Each structure stands twice: as structure tokens, then as C-alpha cells.
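Asks: Pasting a structure below so you can have a look.
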Amino acid sequence: MTSPTLSVKRISFQKYGIIIAFLALCALVSAICQIKVMQGVWPVNVFLTVNNLMLILHQISVNGILAVGMTFVVISAGIDLSVGSVLAFSGMMAASFATRSTGVTPWSGVYFVAFPLLAALFTGALCGLVNGLIVSRFRIQPFIATLGMLLAARGLTMAVTGGNPISALSPEFRWFGTGRIFDTLPVPVVFLAIVFALAWVLLNKTVFGRYVYAVGGNEKSARTSGVNTTSVLTWTYIFAGFLSGVAGIILTAKTGSAQTSAGTSYELDAIAAVVIGGASLAGGVGRLTGTFFGALIIGVMNNGLDILGVESFYQSIIKGALIVLAVIIDSRRQA
Amino acid sequence: MDTPRLSMRSIQKRFGGVKALTDGNLTLRSGEVHALCGGNGAGKSTILSILMGFYKPDSGVIEIDGEAKSFNSAHEALEAGIAIVQQELSGVPQLTVAENIYLGSEPRRRGFIDFDTLNRNAEELLNRLGFDIDPRATLGDLAVATQQLVEIAKALSHSNANILIFDEPTSALGEKDTQRLFEVIRELAANGKAIAYVTHRLQEVFTIANAYTVFKDGETVIEGKVEGLTREMLIESMIGGSLGTEFVKDNVPAPATLFEVKNLTRAPYFRDVSFQLHGNEILGIYGLVGSGRSELLDTLYGLEIADSGDVQIEGRPLTPGDVDGAIRSGIAYVTEDRARSGLVLKASVGANLALSNLRFINSFGMVQERKERECVDLAIRQMHIRTPGPEEIVSNLSGGNQQKVVLGRCMAVGPKVLLLDEPTRGVDVGAKKDIYRLISEFTVGGGAALMISSDLEEIIGMCDRILVLRSGEIVEEFKHEATTQKDLMMAAI
């Protein structure tokens, strides 16, 4: 058995390793920028400004929200490939209620805010319910079940408008993507914070959260312990779908139109954030703080590489290498 | 006397704190079918696993044809001429019979598998063995008995295999196939192979074997010729002298019925099972693997649904298939295999201990963390769980302490009836005693326990009454005072 001191050290490294990695990455990007300043190429260090840091948070808000739902699914030993498509479908449903071109204006404000929000959240949750029932009742592998939803939801998105985007959205609705609270905090960043806070409580403080870990760790043992595994799995996918709806609202409001191709391959960034954050695709292991920093690391990397003028195809290579590296380090540390 | 084909002497093996084998001896001669007998955990599978190269012995000697050997892998054992016919079907159902037989040693031509030679070789082998099996048939399409014959052919496909191990080969076979298999085994022995034959069916020892070795508690207790051996002598040596395990048993059964099972049937596992469990009572269920004992407990707990029959606790019927309802009515279940169905191994000790109890200690879905901590601390103290703390991951604990975590999780909900399936399997002596003490305390405090055990000494030492389950039916009931290990085993076999 390990001695107490040793195990404390090990745990704290696991807990803070991701934060250390994040700070190291920030320091690296910042140092490169500083060199450019000293060389006289740039007047100021553009990376280390409040505006830029806020921009990074703004940029990761959609992926961050998707990654929260993905964290629950991955801890339950599953995966949700459909989040990007469900985001697009929810966004399209929201936009169909938020556009002035329909000409219907019964109670303008309510109509342009409440209906789009409800439509998106309901659509997302419904897609999640279908995923969840297929996984928990029909015992289909999550990869397959959600791959089906990835295709179906994308098709539905196009079917809603016959393949056309919806634009001319109401300013009330657009506030969710472009508004600022107290003229400083972007609304998507506030939503990101609220989603993380509520999800953290759900995962760490409720019976449901404990059950998600138990079901992902060993479904059979969870069942013998009296956990209704079918219901836990179903709700996990409903939650992920619901958050795809939230992300759909924000992305649609941000871009000002609902595109049929919105959110394409977003599931990959969400999975990347969760995996960099230390969750195991085998289930039973993962933390929301890890996911948050995982999303931040991806955000800082995208932002830093943009600032430094690195071409996007190199960005993709670097990101790919980083994900694999993160998992290698994590599995070495656990061995 | 000639040199034996195989001689294993004074083999010792420990797993963590558990001594699996303290003095294992086995001698196999050419032309001999040698039966290995003994209860679960007696050491048969451990010594065979060592012979197969799966484990390295801590000490002891292995000689083949008088030459000392030590195997670092299953491959090395195979090279030395040792082949096994697995108990569980281990073939690849999607591949053909021929592909299965030569899996890993396929004949090749220019880098590709030479299917013509493959099928021809398989056909020759099967003909030689007298098995009427098409080498081109897909394994998964064949009957289980036929698949078992393919396993045998596979073991014999290694031309130099001189030592053959049959691990309960008839468990999946019917009468006719069993007879056919025996013919094959006799023929192999006549051709000079040395054969080790593991079985739980004592009758088979007399039908097929000419020599035998009995294992008990990790030791070889007796070896000899089957000629002149009687069934009674064999059973007595399997039971042997008591090791003197200390049981803790202070409960006195009350007359009132706490838990009742009426005519419960779930085909094909058990039929028409009825019994009553009284307050403060420990009721044992003895039966061999496959007698339907674990399936019975699964059904009582609601993990499976019975075809017909009733289960009542304190006079109220339980809803079939409702685990949550069973827990709320006061039933807890310690399953047979803690790693598979008892624990979340990668979660912490605390998370496991509180898991069943979370349904009671929450307000509107929020875990009451103070109560959770109290419940976990209490369980660690009561169960004497040796852990650095509640945050420790369960898989880092020893087997005995893991088992105490399962018990702790079950006891945390305050059950009235405790279902126990092999509660001391793979547990060291110290932890065993702790578990006996817990069961005793629980029943003294008004609870009742229903306990499955393959350990004769344990079931007689702990239980007030013992039901014997054979092929899914209760065939006999014994009272604690008037039971001998011999009676139990006679009834069960």
C-alpha cells in the first residue's frame, strides 16, 4: 500500500497537472509574443491583454458548453458524436422562430426570445432522449447510436428550410450571442460560466452525478447496488442534447443566421477538450474542471497560433499531436 | 519404477496475502488418465495454471521426463508438450473449424494462409480422432458439444503434445457425447499420452481415470490408483481433517418467518423452490456450480424475473424485477464476483460504500454530504476496512478488504435480509473471520442471512439450516447440528 504522503502528492499532481499545462502554454505563447515586441516587430504584447483573454473565453463558449455535456457522457462510458448536428438542428429551430421574415409578431419580445429558446432547448433534449433510449433500452453502442443521430439531425436541419439558411434574426434573440452584460461581459461567456457552475453541482453534489460515475465505472455493479442504470444513461444523453441546444442558441445568435452546416465536426473539439481534461473514454473517470481547462487549452492554442500567423493547416497538425500527447501522458501517469 | 512424464513437487504460490497453493504435488505417467479432485479453491486450477505457464510458482520443482523445467509463458509450456482443453469454450465463433484448430499456426504459402493444406490437415486430424465434423463449417453454427470436440482437436493439433489437460470437458456435453469423449481419451492414453482430468463429477473418476490426486486447501492430501478406491473413501479424503477455521456464530434463530419464497421457478435454472427464512437465522444453500444457486439469489433480489412463484418479506410480496423496491424493503445482496458485479473498482472506497445508500441520504436529489461521510466512516470502522482513507481507489485494496467494502455497502442501507453468494471467496483467513463476525452480529441484531457457499466447513460452521440445491431443485434440508460434510456432498452430487 502506498504511504499517505506519497498518495497525497500523486493526487495533487493529477488534480493540478492540467492547470500547470495550461499556464505553461500561456507562458509559451506570451513569451513568443514578448520576443516579437522586443524585436520591435509588434508595439505591444497582443496576447496578454484583457480584451484578448475575453476573446478566448468568447471563442471557447460554444465548445465549452458542448464539452460539459460530453464530459457526462464520457464518464458514463459513452460518447456523443451527434452534438454538432444537434447544435445545428436546435439553432435552425430557434432561428425559425426568431426571424422577422415570418411576419408574425403577436407579442414581439416574448415571441422573439422565449419561443426560439424553448424550441432549441426542446429540440436538443429530444434528440438526446432518442440517443439515450437507443443506448440504454436497445443496448446499441453509443458510438453507433449517436453516429446515426449525427447524420439524421444534420438531415433534419436541412429539411426544416429545404437546405437554406435562416437570417434576419431579431435583435432580441441576437443579444444571446453578441450582447454584453454591464457593457463588458459577453453573454456567451456568462452562459459558459453558468453552465459550468450548474453542471458542476449536478455532477459533484447530486445523487444523479454519483450514479453517472458508478454506471460508467461498472454498469453491472451499479445495477446490483440498486442504481437504475437505464434511467441514468437516458438522462445523461438528454442532458448532453439539452446543452447542444444551449450551444445552438449561442452560435446562431452569434453568427446572426442559422446555417445548415453549423457545428460541423464540433463533436471532435468537444471530445478533445474532455480527453485533454483527463477523462477516460473507458468511463468512470473525469472532472469538469479538467474539461474546462481542456477547452481553454484548445482555445489558447487556436488564439495564439492565429496571433502568430500560423497557417490553419499547421494548427490542425499541432492540435492533433497535442490530443494524443495529452492521453499518452495521462495513461503513463496512471500506470 | 520408470520416470514419470511429469512430476511437480512442493509447488507453492501466493496471490497477495492469499496462499493459493502451499504444497502442491502432481505426478503424471504415460498411458495414464489422472483425475484431479477437490472443492473450489482447493488448488487444482492454480497448479494447472502453473503447469500451463500462466503463473510462475513461488517455489517448487517441475520436471518433464526427469528434466527440470520452468515456464515463463504459456507458449513455452506448449513447446514443452503441454496442451489444455479449456473448460470454457474459447474458440472464435466466426471462424471455421479448421481455422480455429490451427489458429496462430496456420500453414502458409508466400505469406498467405494456405487454405487447402489447412483444411486437409484439419480433416486428417478430425478423421484420426474419429470426430465427424466438417472442417469448413463455421464454429459458431455448431452445437456446443461439437465445439467442445473442436477444442480437443485443437489441443491435439500440436503434434508434440504429450501431456494433455482436460478441465471439466464434459460440463457442456450430453451423455452420448460424453461417452464418445471418454473413448477418445482412452485412445489417447493408450497411445502413450499422459492425461490430467479435472472434474467435479465423482462418478467420472471411476469411469475414466486410473490414478487420482486430491487437493484440499492448497495441498495435495492423497495420491493413488483408482483401483480399489471407493466413492466414500474419495469423498472423505476431499473433506479431510479440519483446518480449524474459527467461526463466529452467536445468533439464535427466532420462530417468526421473516422472508419466504414460494414455488419460485425460473427455467432453466431452478424449479419450484420454496423455503422460509426466520428472524436471526443464517440459512445456507449448498450446491455445485451450475446448480442454479446464484441465479436463485439474482432472482430474489430482482435482477432477474421469475417465471412463476412468490417472494415475500415480512408478509409483503416483492415486485419481481424491482431492485430498488427490494432494497427499500430491506434486502441486500453480496454477489459472487466482486470485481464484476459488486464494486466500481476505479471509484473510491467512500463512493462504493455510499452507493446503495444514496437513495436514502439525499434531499431533492442533492447528496447530504455530512450523512454520506458519517455512513462511510461508520462502515470503514464497523467492517474493519484497512484503507489509507475513504478517498483510496478500491482496486488498491486487498481482496479481503474489497469484500468488506461490498459488505459495507450492503449493510449501509440497514437491511433485514442479507443475500450472500460465496462471501469469503478469495479472501485471506483474517478477513474471513471478520466477515463471519459481521454476519453473526447482523443476525444477532435481528437480521436474517441467506448464504451460498462451496466451502463445506464454512457452511456447516455458520448456518443454522442448510438447503441442498441440485440441478435447480432443493433436494434436501439439513439441520446445523446433524450435518456432516459427507452428507452434504453426497446430497449435492
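The values are calculated or read from the model by the stated rules, or taken from the named source; none is laboratory data. These figures come from a predicted structure and were not determined experimentally. Quick reminder, even Gly has a Cβ in these numbers, built from the backbone with ideal geometry, and neighbours come from all protein chains shown. Just the protein is used for accessible areas: all its heavy atoms, side chains included, with ligands, DNA and RNA removed. Shrake-Rupley method; radii C 1.70, N 1.55, O 1.52, S 1.80 Å.
Asks: Once you charge only the Cβ atoms, +1 for Lys and Arg and -1 for Asp and Glu, what is the size of the charge dipole of segment B:6-239 about its Cα centre, to the nearest 20 debye?
Replies: 360
Asks: Treating only the Cβ atoms of Lys and Arg (+1) and Asp and Glu (-1) as charged, compute the dipole magnitude of the protein assembly as shown about its Cα centre; round to the nearest 20 debye.
Replies: 2960
Asks: Under 13 Å from the Cβ of A:L66, count the other residues' Cβ atoms, weight Lys and Arg +1, Asp and Glu -1, and hand me the total. Before the final figure, lay out the partial values.
Replies: Numbers: positive: none; negative: A:D80, A:E267, A:D269.
It works out to a net charge of -3.
Asks: Count, for each residue of B:396-403, the Cβ atoms from other chains sitting within 10 Å of its Cβ, then give me the mean as a whole number. Write down the numbers at each step before the final one.
Replies: Details: counts 3, 1, 1, 0, 0, 1, 0, 0.
Across B:396-403, the average partner-chain Cβ count within 10 Å equals 1.
Asks: Which whole-number value in Å² is the accessible area per residue of the protein assembly as shown, probe 1.4 Å? All intermediate terms of the calculation are to be shown ahead of the outcome.
Replies: On the way: 36300 Å² over 828 residues.
Roughly 44 Å² per residue, with all protein chains present.
Asks: Which whole-Hz ³J(HN,Hα) couplings does segment B:300-315 yield from phi under the Karplus relation 6.51 cos²θ - 1.76 cosθ + 1.60, θ = phi - 60°, glycine and proline marked x?
Replies: Those phi angles translate into 4, 7, x, 6, 10, 10, 6, 6, 7, x, 10, 10, 10, 10, 6, x Hz.
Asks: What nm distance separates the two modelled labels at B:T484 and B:R386, each placed 7 Å from Cα along Cα→Cβ?
Replies: The answer from the label model is 3.8 nm.
Asks: Cross-link list B:K19/B:K432; A:K220/B:K19; B:K44/B:K432: which exceed 24 angstrom alpha carbon to alpha carbon?
Replies: From B:K19/B:K432; A:K220/B:K19; B:K44/B:K432, over 24 Å: A:K220/B:K19.
Asks: Starting from the Cα-Cα distance between B:E304 and B:R231, subtract it from 0.36 nm times their residue separation and give me the gain in nm to one decimal.
Replies: Values: separation 73, 0.36 × 73 = 26.28 nm, distance 3.75 nm.
Here the answer is 22.5 nm.
Asks: Right, another one. Excluding residues on the same chain fewer than 8 positions from B:K56, give the aspartates and glutamates whose Cα lies under 16 Å from its Cα.
Replies: Excluding near neighbours in sequence, the set is B:D23, B:E76.
Asks: Which entries of B:K371/B:K416; B:K193/B:K225; B:K346/B:K404; B:K69/B:K225; B:K346/B:K371 have Cα-Cα distances beyond 19 Å here?
Replies: Values: B:K371/B:K416 21 Å; B:K193/B:K225 17 Å; B:K346/B:K404 16 Å; B:K69/B:K225 26 Å; B:K346/B:K371 23 Å.
Too far apart for the 19 Å limit: B:K371/B:K416; B:K69/B:K225; B:K346/B:K371.
Asks: Show B:T27, A:T99 ordered by accessible area, largest first, where the area counts protein heavy atoms only and the probe is 1.4 Å.
Replies: Most to least solvent-accessible, the answer reads B:T27, A:T99.
Asks: Just to be sure I understand the model, the point goes 7 Å from the Cα along the line to the Cβ. What's the resulting B:R110 to B:D141 distance in nm?
Replies: Once both label points are built, they end up 3.0 nm from each other.
Asks: On a straight-distance basis, which lysines could pair with A:K254 in a cross-link, Cα separation under 25 angstrom, same-chain partners fewer than 8 positions away excluded?
Replies: A:K319
Asks: Quick check on chain A: helices-only [θ] at 222 nm, where DSSP H runs of length 4 and up contribute -39,500 (n - 2.57) each and the sum goes over total residues. Nearest 500, please.
Replies: Here the helix-only value at 222 nm equals -25500 deg cm²/dmol.
Asks: Per residue of segment B:123-130, in order, report the coupling 6.51 cos²θ - 1.76 cosθ + 1.60 (Karplus, θ = phi - 60°) as ³J(HN,Hα) in whole Hz, putting x for Gly and Pro.
Replies: Ordered by residue, 3J(HN,Hα) equals 5, 4, 4, 5, 5, 4, 7, x Hz.
Asks: Amide H to amide H under 5 Å from B:S308: which residues, 5+ apart in sequence or cross-chain, H placed 1.01 Å off N in plane?
Replies: The answer is B:T265.
Asks: Taking all protein chains in place and a 1.4 Å probe, what share, in percent, of the accessible surface of the protein assembly as shown do carbon and sulfur account for?
Replies: Roughly 57 percent, rounded to a whole number.
Asks: Shape of segment B:33-176 from its Cα gyration tensor (a ≥ b ≥ c, root eigenvalues): rounded if a/c is under 1.5, otherwise prolate when a/b > b/c, or oblate?
Replies: oblate
Asks: Provide the FRET efficiency to the nearest 0.05 for the A:T230-B:T22 pair, computing r from the beta carbons and using R0 = 35 Å.
Replies: Computed FRET efficiency for A:T230 and B:T22 comes out at 0.15.
Asks: Mind listing, in residue-number order, the residues in segment B:340-381 that have at least 40 Å² less accessible area with every protein chain present than in their own chain alone (1.4 Å probe)?
Replies: Listed by number, the residues meeting the 40 Å² cut-off are B:R340, B:S341, B:V344, B:K346, B:L355, B:L358, B:R359, B:M366, B:V367, B:E369.
Asks: Right, here's the next one. Have a look at segment A:220-234 and report residues whose accessible surface goes down by 10 Å² or more when the remaining protein chains are included, against the chain on its own, probe 1.4 Å, ligands and DNA/RNA excluded.
Replies: A:K220, A:S221, A:R223, A:T224, A:S225, A:G226
Asks: Another question, if that's okay. Check which residues have an amide H placed less than 5 Å from B:G38's amide H, if you skip close sequence neighbours.
Replies: Under 5 Å from the amide H of B:G38: B:F215.
Asks: Follow-up. Just check chain A against the gyration tensor rule for me: Cα atoms, a ≥ b ≥ c as the square roots of the eigenvalues, rounded for a/c under 1.5, and otherwise prolate or oblate depending on whether a/b exceeds b/c.
Replies: It is oblate, given that a/c is not under 1.5 and a/b is not larger than b/c.
Asks: Could you pull out every one of the aspartates and glutamates with an alpha carbon less than 17 Å from that of B:K433, ignoring same-chain neighbours closer than 8 positions?
Replies: B:D217, B:E246, B:D250, B:D421, B:E422, B:E441, B:D455, B:E457, B:E458
Asks: For chain B, what is the calculated [θ] at 222 nm in deg cm²/dmol (nearest 500), taking -39500 (n - 2.57) for each run of four or more DSSP H residues and dividing by its residue count?
Replies: -9500 deg cm²/dmol
Asks: Continuing with the same structure: Within 12 Å, Cβ to Cβ, of B:P57, how many net charges do the neighbouring residues add up to if Lys/Arg are +1 and Asp/Glu are -1?
Replies: +3
Asks: In vacuo Debye scattering of the protein assembly as shown, one point per C-alpha: log10 I(q)/I(0) at q = 0.06 Å⁻¹?
Replies: Here log10 of I(q) over I(0) equals -0.54.
Asks: If you don't mind, there's one more thing I want to ask. Would you check the accessible area of B:D65, probe 1.4 Å, heavy atoms only, in square angstrom rounded to 10?
Replies: Estimated to the nearest 10 Å², B:D65 gives 90 Å².
Asks: Using a 1.4 angstrom probe and counting only protein chains, how large is the accessible area of B:F71 in Å², to 10?
Replies: 10
Asks: Here is a further query. Give me the accessible area of B:T265, 1.4 Å probe, in Å² rounded to the nearest 10.
Replies: Here the accessible area works out near 30 Å².
Asks: Given a 1.4 Å probe and no ligands, DNA or RNA in the count, how much accessible surface is buried by B and A, both sides, to the nearest 100 Å²? Don't skip to the end; give the middle numbers.
Replies: Working: alone 22320 and 16190 Å², together 36300 Å².
Between B and A, the summed buried area is about 2200 Å².
Asks: Using a 1.4 Å probe and counting only protein heavy atoms, arrange B:K193, B:K433 so the residue with the most accessible area comes first.
Replies: On the way: B:K193 40, B:K433 85 Å².
Accessible-area ranking of B:K193, B:K433, largest first: B:K433, B:K193.
Asks: Placing +1 on the Cβ of each Lys and Arg and -1 on the Cβ of each Asp and Glu in segment B:192-269, which of B:H200, B:M238, B:T213 has its Cα farthest towards the positive end of the resulting dipole?
Replies: The Cα lying farthest towards the positive end belongs to B:H200.
Asks: Still on this structure, please answer the following. Checking understanding here: applying a Kyte-Doolittle mean of at least -0.5 and a length along the axis of at least 24 Å (C-alpha), which whole DSSP H helices in chain A pass?
Replies: Length and hydropathy pass: A:4-38, A:50-75, A:108-136, A:142-161, A:187-205, A:229-255, A:288-307, A:312-334.
Asks: Indicate the residues belonging to segment A:188-211 that lose 50 Å² or more of solvent-accessible heavy-atom surface (probe 1.4 Å) upon moving from the chain alone to the assembly of all protein chains, ignoring ligands and nucleic acids.
Replies: Checking the loss per residue gives A:K205, A:V207, A:R210, A:Y211.
Asks: Determine the shape class of segment B:368-460: with a ≥ b ≥ c the square roots of the Cα gyration tensor eigenvalues, call it rounded for a/c under 1.5, and otherwise prolate if a/b is greater than b/c, oblate otherwise.
Replies: Here segment B:368-460 falls in the oblate category.
Asks: Tell me, rounded to the nearest percent, the portion of alpha carbon pairs in chain B spaced more than 32 Å apart. Could you put the intermediate results ahead of the total?
Replies: Numbers: 59778 of 121278 pairs.
Of all Cα-Cα distances in chain B, 49 percent exceed 32 Å.
Asks: Which sequence of B:E183, B:E99 reflects their accessible areas, 1.4 Å probe, from the largest down?
Replies: B:E183, B:E99
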